[in-house]
Amino acid sequence: MEGGWNQGGKGPNVFDHAYLNASFKPTNGRPYRAADHYDQVKSDLAFLSQLGATAYRFSVSWPRILPNCTGTVNQEGI
């Protein structure tokens, strides 16, 4: 869903490693873009508004916040 797999200072996660490994393709797909919410957030929120949504739930990719799993917080990810 998120997209932006290599944007905004995000570090790799377990799925990135799996899909970048040519010998291991869990779904034989390329999930790098997905629904691309990362780049489309403004238009996605506009669609939700047009639909009359009154709530929005999202998740955070921790490698986007802590690219190295520890240390300095990635301010762009916040």
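Nothing in this text is a laboratory measurement; each read-out follows from the coordinates by a stated rule. This one's a predicted model, so the numbers in the text were calculated from it and none came from an experiment. As a convention, Cβ positions derive from the backbone with ideal geometry for all residues, glycine included, and neighbour counts pool all protein chains shown.
Amide H contacts of Gly3: Ala35, Asp36, His37, Tyr38, each under 5 Å away and 5 or more positions distant or on a separate chain (H built 1.01 Å from N in the peptide plane; Pro and chain starts excluded).
Between Ser43 and Leu20, the distance separating the two model label sites (each 7 Å from Cα on the Cα→Cβ line) works out to 2.8 nm. Between Ala34 and Gln75, the simple label model (points 7 Å from Cα in the Cβ direction) yields a spacing of 2.6 nm.
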